[in-house]
Amino acid sequence: MSEVRIKDKIFIGGAFVDPATDHTLDVVSPVTEEVVARVPEARPEDIDRAVAAARRAFDEGPWPRMALPERIAVLRRFRECYAARMQEVGAQLSREVGSPITWSVRAQAGAPLGALDYYLTMAPDFAWEREEQGIVGPVVVRHEPVGVVAAIVAWNAPYFIGMNKLAPALVAGCTAILKVSPENALSSYILAEAAAEAELPEGVLSVLVADRGPSAHLSRHPGIDKIGFTGSVAGGQAVMAAAAANLTRVTLELGGKSAAIVMEDADLDEVLPALAPHLIPNNGQVCVSMTRVLVQRSRYDEVVEKLATLFRGWRVGDPLDPETVVGPLVSRRQRDRVESYIARGISEGARLVTGGGRPTGLDRGWYVEPTLFADVDNSMTIAREEIFGPVVVVIPFEDDDDAVRIANDSDYGLSGSVWGADHARARGIADRMRTGNVGINGHGASFNIPFGGYKKSGIGRELGPEGLKAFLEIKAILNGARH
């Protein structure tokens with residue numbers, strides 16, 4: 001039995017304080033299935049305290065009134081305090097979420113630094129004000145911080161998606177409450193400790209761990225001016241409904257069922273190894289995973305065979321082992337969910353090419369083998385719903401129009417890619433795909449490029465200048481004629 005780590009404080013407004021109640025949450029290892037920590041759960045009373053602290057800091061405190069270079073200097077201290085513990089963050093998230101350590105250090109822990117660095121660098125050159133000539137005289141159009149921000153993030157990559165919200169919000173002069181899931185409880189303390197060490201002004205940042213009930217209280221809180229949410233479609237709908245009572249502004253980054261289109265002229269020896277890392281990153285627990293591989297029919301059998309070989313060669317095991325490609329899923333509930341989809345795929349007539357079960361020799365831990373389905377029709381459940389596990393489907397198409405039709409026949413529109421030797425042809429397909437981000441012979445986000453989705457994949461954009469604008473209000477100051 002592992003030692004159970006106990007935390008007894010919560011981080012509100014820049015300080016570790018006693019929680020309002022004795023409610024606690026267990027942190028369970030996805031590797032050993034044992035309780036490894038127990039932490040306080042932020043209850044509505046704690047959320048009220050955090051919102052009040054953020055409200056005071058925004059309405060009365062120095063943070064939004066600081067000159068931009070002063071705010072940037074404080075956030076650079078925060079950046080350095082976080083960077084000093086980046087390896088620790090990566091390892092802890094591997095333990096909590098099951099992310100393979102190589103992915104965890106790069107994406108879980110390293111990517112937040114990239115997001116923060118981007119906004120610290122771009123903010124001085126942002127057009128915070130501009131002048132226009134109005135009907136009655138000159139007008140100043142001014143960008144101002146939106147106010148108190150609730151950043152509500154999913155468990156799969158909490159500090160990358162969290163920093164996509166915190167970095168632009170804090171640079172803009174907003175105050176913020178980061179709400180993380182119980183699965184990320186221990187790593188949240190590392191981030192909070194970095195903020196405390198950096199001496200962010202009182203009230204500027206709170207970090208709270210809470211499950212769905214208290215989270216709903218935060219979403220409908222009248223003291224919140226803006227919500228940035230990343231999670232499931234159902235979670236986004238709940239946040240949007242709760243925010244509607246106060247007309248709270250929302251940005252939603254939700255699910256995906258992204259299509260990778262492989263053309264008949266693709267060099268498979270180059271394309272498939274380049275595509276493979278984007279199929280089930282983080283054990284398939286990433287919203288931009290290319291979980292639908294659409295292949296021109298003349299190359300279909302060849303692609304299925306080569307992908308199956310890749311899948312069978314991926315090492316499944318301890319997420320802290322650098323050789324591991326696929327670790328455990330985050331929870332028993334998530335493993336059960338993924339296994340139910342695999343069973344559904346088989347029952348609906350898809351062909352299970354490889355995987356589909358629990359790995360031999362791993363008697364503990366919430367593992368599922370990398371799973372590949374062929375002979376899939378886009379109407380099947382496994383082709384339509386986000387599974388959030390190591391499951392990929394391969395679907396044939398006839399021509400360019402058919403590829404576009406299948407790719408767009410989805411409730412989602414978050415990401416996608418096109419792979420082929422004819423760049424002009426691939427670009428023509430990419431232009432027709434109804435999705436927020438499309439790669440041609442590649443895939444991946446950049447900090448300076450807006451990220452977000454069409455349809456049920458979300459509302460608004462993160463990253464890039466658009467990510468900063470999401471946390472700004474626009475004021476027009478009319479300088480009328482003098483009398």
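Since every read-out is calculated from the coordinates, none of them should be taken as a lab result. The model shown is predicted, which means the values in this text are computed figures rather than measured ones. No Cβ is skipped: glycine too gets one built from the backbone with ideal geometry, and neighbour counts run over all protein chains shown.
Summary table below
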| item | result |
| --- | --- |
| Phi-based couplings in Hz for the stretch 298-310 (Karplus 6.51, -1.76, 1.60; Gly and Pro marked x) | 5, 10, 4, 4, 5, 5, 4, 5, 5, 5, 4, 5, 4 |
| Calculated Cα Rg over 2.2 N^0.38 Å (choose from (1) 0.96; (2) 1.15; (3) 1.01), label | (3) |
| Rounded to 10°, Cα long-axis angle of helix 86-97 versus longest principal axis of the chain | 60 |
| Farthest toward positive dipole pole in the stretch 259-447 [+1 Lys/Arg, -1 Asp/Glu at C-beta], among 380, 424, 439 | 380 |
| DSSP bridge pairs, the chain: antiparallel proportion in percent, nearest 5 | 45 |
| Mean separation of Cα contacts under 8 Å, 6 or more apart, over the residue count of the stretch 259-447: relative contact order % | 27 |
| Dipole-positive endmost among 188, 101, 31 within the chain (Cβ charges, Cα centre) | 188 |
| Neighbour net charge for residue 421 - beta-carbon separation under 13 angstrom, K R +1, D E -1 | -3 |
| Dipole in debye (nearest 20) - the chain, about Cα centre, beta carbon charges: Lys, Arg +1; Asp, Glu -1 | 1000 |
| Volume in Å³ per residue [convex hull over Cα atoms, computed for the stretch 336-419] | 111 |
| Positive-end residue, the stretch 259-447 charge dipole about Cα centroid, Cβ charges, pick of 334, 352, 395 | 334 |
| Over the chain, relative contact order from alpha-carbon pairs under 8 Å, at least 6 apart, % | 18 |
| Of 257/456; 7/226; 7/179; 179/469; 165/226; 9/179, pairs whose Cα-Cα distance is over 19 Å | 7/226; 179/469 |
| DSSP-defined beta bridges in the stretch 259-447 - what % are antiparallel, rounded to 5 | 15 |
| Cα centroid of the stretch 290-336 to Cα centroid of the stretch 93-115, whole Å | 19 |
| Among beta bridges that DSSP assigns inside the stretch 83-220, antiparallel share in %, nearest 5 | 40 |
| Packing rank of 450-458, 306-314, 194-202, where each peptide gets the mean count of other beta carbons within 10 Å, highest leading | 450-458, 194-202, 306-314 |
| Extension gain (nm, one decimal) between residue 425 and residue 22, 0.36 nm per residue minus Cα-Cα | 139.0 nm |
| Highest to lowest packing among 159-171, 110-122, scored as the average C-beta count within 10 Å | 159-171, 110-122 |
